[in-house]
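Read the structure below first, then the notes.
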Amino acid sequence: MRPPSRTLGVAFSDARTASHAAGVVVRADGTPDGFAFARCTVGGTDATDAVLDCWRALDREDVRHVACAGVAPAWFNLLDLDRLRDALDRPVYAVSYEASPGLEPALREAFDGDALADRLATYRSLPPRVPVDPSDAADDEPDADEPRFVRAVGIDPERAAAAVRGLTRDGVRRCEPLRIAALAASAHREAVTGE
């Protein structure tokens, strides 16, 4: 599958109380084609709103897919992928890079009461993680054996995994929309906070 013509990648970089989100439109050839920034609360419930803020600021109808760096940025400020899909009318997927038994134990350790219930509801609404098969990676690539996973809504998970593979440059673990968004989020956080 060819990668989409334009993908919005969104990543977060945390400061003390705020997480800085960067949304980057990236063309299929890996060229950045627009940037937007937003903030959400570390430990809050507004990360989904930050993604929507980036989308609105960019105002790019030519974006075909939305890729997010994980589902729990900003210390368990969980992304609601279904809400993003409904609001953006685009396929949305989250990419993660570690094998994990799941977030429920960590959520139960960090939260209780309504804060826990709200996060568990959002977390349980997420689709399952599907491995991004690295079978087309060369054996000598540094991260060829490192796992990657996608959670996808509005698109078959295998197609989302193929899009991630298609947007990943040789020898690099992160797909370009998320690699560039992570760099932009960190730079924005440093510029705004000095941290």
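Does Asp29 meet the test of being assigned to a loop (DSSP other than H, G, I, E, B), modelled with pLDDT under 95 and not small (Gly, Ala, Ser)?
Yes.
Taking region 53-78 only, how many residues are outside any strand (DSSP E or B) and open to solvent by 10 Å² or more (accessible area, probe 1.4 Å)?
17
Would you confirm whether or not region 135-156 contains a residue that is within 28 Å of Asp33 (Cβ to Cβ), modelled with pLDDT under 95, assigned to a helix (DSSP H, G or I) and open to solvent by less than 50 Å² (accessible area, probe 1.4 Å)?
no
For region 79-105, name all the residues that are surrounded by fewer than 21 Cβ atoms within 10 Å (Cβ to Cβ) and part of a helix (DSSP H, G or I).
Asp82, Arg83, Arg85, Asp86, Ala87, Leu88, Glu104, Pro105
Which pairs have Cβ atoms under 7 Å, sit 6 or more apart or on different chains, and link a residue in region 99-112 that is farther than 14 Å from Leu78 by Cβ to one that is of a type outside the set (Gly, Ala, Ser) and loosely packed, with under 13 Cβ neighbours inside 10 Å?
none
Would you check if Asp29 is without any contact (Cβ under 8 Å) to a residue 12 or more places away in the chain, under 19 Å from Leu88 (Cα atoms) and open to solvent by 50 Å² or more (accessible area, probe 1.4 Å)?
It is false that Asp29 is without any contact (Cβ under 8 Å) to a residue 12 or more places away in the chain, under 19 Å from Leu88 (Cα atoms) and open to solvent by 50 Å² or more (accessible area, probe 1.4 Å).
Name the single residue, out of those in region 166-192 being within 23 Å of Trp55 (Cα to Cα) and over 15 Å from the mean Cα position of the chain (by Cα), that is surrounded by the fewest Cβ atoms within 10 Å (Cβ to Cβ). Spell out how you get there, then give the answer.
Filtering region 166-192 for residues within 23 Å of Trp55 (Cα to Cα) gives 166-168, 174-192.
Remaining after also requiring over 15 Å from the mean Cα position of the chain (by Cα): 166, 187-192.
On the way: Gly166: 16, Ala187: 14, His188: 18, Arg189: 22, Glu190: 13, Ala191: 10, Val192: 13.
Out of the qualifying residues, it is Ala191.
Anything in region 107-134 that is under 15 Å from Gly44 (Cα atoms), surrounded by 12 or more Cβ atoms within 10 Å (Cβ to Cβ) and of a type in the set (Asp, Glu)? List them, or say none.
Across region 107-134, the qualifying residue is only Asp118.
Collect the residues in region 149-195 that are charged (D, E, K, R) and in contact with a strand residue (DSSP E or B) (Cβ under 6 Å, 6 or more places away or on another chain), keeping them in residue-number order.
Arg151, Glu176, Arg189
In the set Trp55, Trp75, which member is aromatic (Phe, Trp, Tyr) and more than 24 Å from Thr168 (Cβ to Cβ)?
So the residue among Trp55, Trp75 that is aromatic (Phe, Trp, Tyr) and more than 24 Å from Thr168 (Cβ to Cβ) is Trp75.
The values are calculated or read from the model by the stated rules, or taken from the named source; none is laboratory data. Not measured: the values here are computed from a predicted model. FYI the Cβ positions are ideal-geometry reconstructions off the backbone, even for glycines, and counts take in every protein chain you see. Note: areas computed on protein heavy atoms with side chains; ligands, DNA, RNA excluded. Shrake-Rupley method; radii C 1.70, N 1.55, O 1.52, S 1.80 Å.
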